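Accompanying notes for the structure given below.
Every number here is computed from the coordinates shown, using simple stated rules; none is lab data. Nothing here was measured: the structure is a model prediction, and the numbers come from that model. Methodologically, a virtual Cβ is constructed for each residue, glycine included, from the backbone with ideal geometry; neighbour enumeration extends over all protein chains shown.
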Amino acid sequence: MSAQITTEQVWQQVQLLYHGHDKQIADADRWLKDYQRTEGAWASLEQLLHTEGLNEETLFFAANTLKSKIVRGDLEQLDAKAQEALGGSLMAHIYKFRNGPMTVRKQLCLAFSSYAGEFDKIRSNIVEEVCKAMGSSPDTMPVLLDLLTLLGEEAARVQEDSIDLPPDQHHHLYTSACQSALAVLNFTHQCFSSLQGDGAQAKQGKGQVMTCFCRWLRFGTVPAEQMVQSPIVHAALPAIQDADLCEAASDLLCELAYISREMPKGLPIFQMLTAALETFEGLVKKALHEEDDILGRSITRVVVEMGESYAPILAQASPDAVRMINLICLCASNPDRRIASITFGFWYRLSEAMKDFPQDTRLKCVEAMDAPLSQLMIVLENEQDEFRNFRLEALFDAVLDLCSMLGSLRCLKIVLPELQKSVQSCSWNEDGWRAVEGCLFTVRVLARHVSTDENEVVPALLSLYTHLPEHQRVRQAFTVVIAKFSPWLNSHPEALRPLLEYVVRGLGPSKTGTLAAESLQELCDDCAEHMAGNANLEGLMQIYNNIDSLELPQQEKILEGFGAVLARIPSEQIAHMLSIVSSPPIRDGMAALERHDKTRVSMQIKKLKTLLKGGVSACDDRSGRRKSCDKEVLAKAWAASFANAIGLEFKAFLSPFATSAVNAYIKHPLSCILYAVTTVVSFFGKYQEFVGPLSEMLAALSARTFQVFSSGEAFVNSPDIVTEYFEMMERAVRRFPQVVYNSPLGENALSCGVASLYTKLEHREAIRAILSFFENVVLSDANKENHELCRADREAAMIFLVGQGPGPCGTSPQPRGQSMVQALMYAITTKPSVVVEPVATILYDLGRFMPNQRMEWVMAGIAVVPGNILSQSAKDMFVKDLPNARDIPALKGIVRQLYRNCKTS
């Protein structure tokens, strides 16, 4: 778009945007978006705002576009003189529109505050200048209050970005805010004293003053002793009951609680707020009684902010502390879940504050809380699905925080009587199942934290299954509870069988069936040795023989669990058992093959694969519960026994599988074939005798894959193949890294990954797979438990990365690592945000193992990024900050900033 655009053209397009027909609106929207990014827009926007007689729509567009250009970083389009002059121009526009239209004035104020935050070359006190320019007449007071409020918010934002910097490097706006804070607070007091009466205009003014006052408290040097004498502070306490002022008043009281959290500096404010506890309690009760959600939300915010700010003091269990905790429990009983959820973060703060205290002290703090705690832990009776999500997201964490304070057993003792009472009430109350389900949800949260040697509460709780109402939601809840108690059941196998039968009865085509399948898998994983006993195994075999009647996701869960149980069968019986298990799917698969029923063949292969996956996972258990078994021996025996059960020696099995997979892929390059190969590489690649055949298979599959990716469009059109190919190669690097690095396999895969990042590929999972492959090449820690082997793997990886390989996009040869890093820099500038974390991790690992090469490769890579995508200053800043990033979070921060700079260019 040409930079020479007249205001008349802009005005016409804005009119079409608001008043045209559909095609005109779409065309105008596209034209205006292009215009907003041009350098010439600055001058025409200024002209529009100076022009008299324009309608509000055009003026709003001009003001909003100015704000957007500043936020987007378009200030670089202006020279230094024009950048500095922009602030004065914005102030002139704000003054012009001081009496309206309000929408235009608001956008200009936002533009000015953003300008103050983005432009850090102003040497004058910008806040003081604003006050001088706008504080000369009464009609500009509301505008000045709005502007100061926004400047306070922007100063707080830039403070967060520079919080770790020395004072001489703080942003100018933050420095100006600190210098002018006292003057601003005095100005708000003057404004407040001029507002008389309770009319609508006076209330609006008081709300503005309170909001502005609140935004500047963190920058001031006013001692807490003087703060509590402020008439604005005293007015906030009664104002919280006023629907027009409650939001501003609650914001102010919350801010006071926050800034007084440091003792003894904040003691006067702490004493003032805690002295009002009785008033706050009355307001909470009033809000509950009158079902006043506005008051309830406002007062709950204040009470909870006090609780979170003063958590270390509350943890000392004084009478006033217990009183405040009980008040927060009262707030949590609000039937409006949005209000109740405000309290949940407090329990985490309190539990953290109490961690270093002796157990006796913790118990004192909660001794008076049994009654309100019971109500807090019994979930509200609500059957809406959105409330179920609320419980999962919010209440789950709150109950865990309470559990960390009280102990899981005590929490269960609180819930059990309520659950028993709810179960009894179901006989006469048809809606009683809701309370039962609520109690069971709380039990589910606590179950994993109960000691496996508990013999009082858990047996009584689990025995209730015979008395539960037959309602699908109750069955779902108790089914999950059984699964969560699976570690306890592993220590009490006598209780397992009837509960297992309860779970199995829920299987079927429904959500209950899905939960039953998931719970059955958990029971199989945690109680595998007991499930492998004759009685339980017989029941599992019945399920297995009828598994085709279940939905596919349920089948997969059950098969994985069944595989874990089979892995616990005595070694002298496993071959016979696997033969029995594998015969039906093999028979069915062969028959389907004769009928050319590819879907059925695939189902039977997946069934066998899932059983194998569950078995090897059980052998390779990372939880430490099966320390008595030799993981390597068992895993290998399981794999070999499984292959023998199919009727093949394992070596004879791998070769025909490889031939079939390669031939099928050459004929029909499908991602599902790569997925199957990945599984085989994962299971058998750890055994040296299989590495040769596997690497030959991967080489053949890679060659066909590179033919598929003969053009950039092929990557975009086949993201599933990209994903599965690089997941397969990642698994190969995890299993036999040195073989990959010392053969063409590694160079070809890395070159393919580099090339893919230069295409228009946007598929997130595909990009993740590519970057995960790069990450594993750099890290090379697959054998980290064997230090010598791990060191050899890393040396091979470093030799591989510094070795010469083809340059990206047909350029001259260069180190493979440089090509990779160059592609990563390009990905940051062009790909979705999913690249940020993996790129940061790769650069971090390169810095650990190859620091000199990392800097050299990054500088070479970022240098070729076009200037229209990333400015030279942003490039220099990234290169400067990179050596100072000592950990992954720091690296993520600078990579994320680089990504943002690219997106705003």
Order the peptides 545-551, 195-201 from the highest to the lowest mean number of other Cβ atoms within 10 Å of their residues. 545-551, 195-201
Going from the alpha-carbon gyration tensor of segment 182-277, what semi-axes, largest first and in whole Å, does one get by taking the root of 5 times each eigenvalue? 22, 15, 10
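Based on the mean of other Cβ atoms within 10 Å per residue, sort peptides 867-873, 686-692, 91-97 so the most packed one is first. Don't jump to the answer; show the numbers that get you there.
Details: 867-873: 12.6, 686-692: 14.9, 91-97: 19.0.
The most tightly packed comes first, giving 91-97, 686-692, 867-873.
Viscosity 1.306 mPa s, temperature 10 °C: what is the translational diffusion coefficient of segment 17-118 from Stokes-Einstein with a Kirkwood Rh over Cα pairs, rounded to a whole number of µm²/s? If you can, show how the numbers build up before the last one.
Numbers: Rh = 14.1 Å.
Calculated translational D: 113 µm²/s.
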Of every Cα-Cα pair in segment 399-539, the percentage lying beyond 24 Å is 29
Sorted by packing (mean other beta-carbon atoms within 10 Å per residue), highest first, where do 142-153, 456-467, 239-250 land? 142-153, 239-250, 456-467
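Evaluate Rg over Rh across segment 766-881, taking Cα atoms for both radii and Kirkwood's formula for Rh. Can you show the working numbers first?
Numbers: Rg = 14.5 Å, Rh = 14.9 Å.
Rounded to two decimals, Rg/Rh equals 0.98.
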Given a Förster distance of 25 Å, report the FRET efficiency between residue 355 and residue 323 from their Cβ-Cβ distance, rounded to the nearest 0.05. 0.65
Mean shadow area (nm²) of the C-alpha convex hull around segment 674-828 is 8.4
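Can you give the extra length, in nm with one decimal, that the chain gains between residue 781 and residue 860 once fully stretched, where that is 0.36 nm per residue apart less the Cα-Cα distance? All intermediate terms of the calculation are to be shown ahead of the outcome.
Numbers: separation 79, 0.36 × 79 = 28.44 nm, distance 2.70 nm.
Residue separation times 0.36 nm, minus the Cα-Cα distance, leaves 25.7 nm.
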Starting from one equal scatterer on each C-alpha and no solvent at all, send me the Debye-based log10 I(q)/I(0) for segment 460-562 at q = 0.20, 0.25 Å⁻¹, two decimals. -0.98, -1.49
Between residue 795 and residue 201, what length comes free when the chain is fully extended (0.36 nm per residue of separation minus the Cα-Cα distance, one decimal in nm)? 206.4 nm
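Which of the GluC sites (Glu not before Pro) found in segment 774-874 are in a DSSP loop and have at most 10 neighbouring Cβ atoms, other than their own, within 10 Å? It would help to have the intermediate numbers written out before the result.
Working: sites: 775, 785, 788, 795, 856; in loops: 785.
Sparse-neighbourhood loop GluC sites (Glu not before Pro): 785.
Once the mean 1/r over all distinct Cα pairs of segment 654-723 is inverted, what Kirkwood radius in angstroms do you read off? Please report the intermediate quantities before stating the final value.
Numbers: mean 1/r = 0.0797 Å⁻¹.
Evaluated on segment 654-723, it is 12.5 Å.
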At R0 = 56 Å, how high is the FRET efficiency between residue 226 and residue 716 if r is their beta carbon distance? Nearest 0.05 is fine. 0.30
Length gain on complete extension for the stretch residue 470 to residue 316, per 0.36 nm per residue less the alpha carbon to alpha carbon distance? 50.8 nm
Could you give the nm distance between label points at residue 52 and residue 179, where each point is 7 Å from its Cα heading toward the beta carbon? 3.8
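Kindly state, as a whole number, the per residue volume in cubic angstrom of the convex hull around the alpha carbon atoms of segment 221-320.
Convex hull volume per residue, Cα atoms: 93 Å³.
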Which loop GluC sites (Glu not before Pro) in segment 15-66, with loop taken from DSSP, have no more than 12 other Cβ atoms within 10 angstrom of their Cβ? 39, 52
Using the Kirkwood radius over Cα pairs, work out the Stokes-Einstein diffusion coefficient for segment 695-785 at 20 °C and 1.002 mPa s, in µm²/s as a whole number. 164
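With N set to the residue count of segment 805-851, report its C-alpha Rg divided by 2.2 N^0.38 Å to two decimal places. Provide the component values of the computation, followed by the final result.
Numbers: Rg = 11.6 Å, N = 47, 2.2 N^0.38 = 9.5 Å.
Rounded to two decimals, the normalised Rg is 1.22.
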